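Heads up, the thing below is written out as structure tokens.
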Amino acid sequence: MIAQYVTALRLSLVEQRHNRFAMLLLGLYLPAWYAIIYSLSGTGSVGFKLRALDVFVTVGQQRLGLITGMLNATTLIMGFVALRAVRASAPVDRRLVLCGHSRAMLIVGRLTALAIAATVVAAYAVILLHGLTPLRHPAVAWVGVCGAVLTYASIGVLVGVLTRGDLEGFFLIIMLSLVDTFLQDPIGSPAANARIVEYFPTFYPMQMTVAAAFTDRIAWWQAWAGLAWAAGVGIFGVAGFAERTRTARPRAG
């Protein structure tokens with residue numbers, strides 16, 4: 001079993017390493033996105049409500065715009081990575097199962113590789129942002145961003161097993177990420193302080209990341225809430241993945 005898990009993990013990591021589209025997004029799109037937001041954002045301030053503490057904090061529009069942009073970009077990238085991994089690996093996964101590979105170890109290995117990719121994407125994004133505009137607690141911000149990208153990795157897996165083509169999957173992830181992140185930004189969204197945003201996938205990661213960037217008041221339970229979102233969506237994605245790799249047994253007689 002351990003050998004099968006290692007095989008699935010190694011195979012998944014190799015596939016992700018050859019995902020040139022994701023590498024291009026990380027290497028070029030993310031820094032360019034930061035630069036655009038940094039140059040075009042206003043220099044004023046805006047009130048952001050930290051709901052766990054029930055307080056408003058005054059934050060710079062430029063820095064808040066960068067945080068929103070970071071969450072939007074990283075969730076898009078991780079959603080694409082997970083979607084592509086699920087769809088590209090489908091023929092290989094079926095052949096492995098037909099050859100006797102454990103579906104459970106295959107699933108765990110695939111999920112481990114996505115979790116590793118998510119933590120690396122989050123770390124890269126936070127380090128890049130911290131170099132551009134220092135965060136008060138970058139390690140805590142990384143935890144918050146991890147919650148967001150892990151959630152979208154789960155969403156990418158679910159979309160990958162439900163949609164028929166890459167285009168439909170990419171469109172769903174793009175639209176969900178845009179609505180999810182930018183409606184929480186009070187700079188351009190009058191709905192940012194409405195209760196509806198509390199049900200968005202990146203609500204708790206956004207709250208934790210903003211708190212880590214501007215204050216010393218951190219609600220650590222929000223990290224677990226973010227992971228709960230990832231796990232909740234992941235259950236459905238794993239169920240779809242397991243059904244996709246199920247092999248039909250010959251009928252007796």
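The values are calculated or read from the model by the stated rules, or taken from the named source; none is laboratory data. The shown structure was predicted, so the numbers you read here are calculated from the model rather than taken from an experiment. So basically every Cβ, Gly included, is an ideal-geometry build from the backbone, and we count neighbours across all protein chains shown.
Residues that are under 30 Å from residue 220 (Cα atoms) and not hydrophobic (A, V, I, L, M, F, W, C): find the helices (runs of 4 or more DSSP H) completely inside region 1-88 holding 1 or more of those.
Details: elements: 2-17, 20-24, 30-40, 61-88.
Of the helices (runs of 4 or more DSSP H) lying wholly inside region 1-88, those with at least 1 residues that are under 30 Å from residue 220 (Cα atoms) and not hydrophobic (A, V, I, L, M, F, W, C) span 30-40, 61-88.
Which one of these is of a type in the set (A, V, I, L, M, F, W, C), in contact with a helix residue (DSSP H, G or I) (Cβ under 6 Å, 6 or more places away or on another chain) and either more than 22 Å from residue 5 (Cβ to Cβ) or touching a residue at least 60 places away in the same chain (Cβ under 8 Å) (or both): 167, 178, 150? Give the steps one after another, and end with the answer.
Working: 167 fails: in contact with a helix residue (DSSP H, G or I) (Cβ under 6 Å, 6 or more places away or on another chain); 178 fails: in contact with a helix residue (DSSP H, G or I) (Cβ under 6 Å, 6 or more places away or on another chain).
On inspection, the qualifying residue turns out to be 150.
Okay, residues lined up against (1) assigned to a loop (DSSP other than H, G, I, E, B); (2) of a type in the set (Ser, Thr, Tyr); (3) closer than 23 Å to residue 224 by Cβ:
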site	(1), (2), (3)
154	no, yes, yes
160	no, no, no
164	yes, no, no
175	no, no, no
185	yes, no, no
188	yes, no, no
192	yes, no, no
207	no, no, yes
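As an exercise: evaluate residue 17 against (1) at pLDDT 85 or above; (2) exposed (fewer than 13 other Cβ atoms within 10 Å of the Cβ) and give the number of the one condition it does not meet.
(1) is the only condition that residue 17 fails.
Please state which one of 217, 244 is under 30 Å from residue 88 (Cα atoms) and more than 16 Å from the chain's Cα centre (by Cα). Please lay out each step first, then the result.
Details: 217 fails: under 30 Å from residue 88 (Cα atoms).
Only one candidate passes the filter, namely 244.
Filter region 67-95 down to the residues that are of a type in the set (A, V, I, L, M, F, W, C) and surrounded by fewer than 21 Cβ atoms within 10 Å (Cβ to Cβ), then identify the one that is nearest to residue 128 (Cα to Cα). Explain how you work it out, then say what you get.
So in region 67-95, the residues of a type in the set (A, V, I, L, M, F, W, C) come out as 67, 70-71, 73, 76-78, 80-83, 85-86, 88, 90, 92.
Subset that is surrounded by fewer than 21 Cβ atoms within 10 Å (Cβ to Cβ): 88, 90, 92.
Details: 88: 30, 90: 34, 92: 35 Å.
Ranking the candidates gives 88 first.
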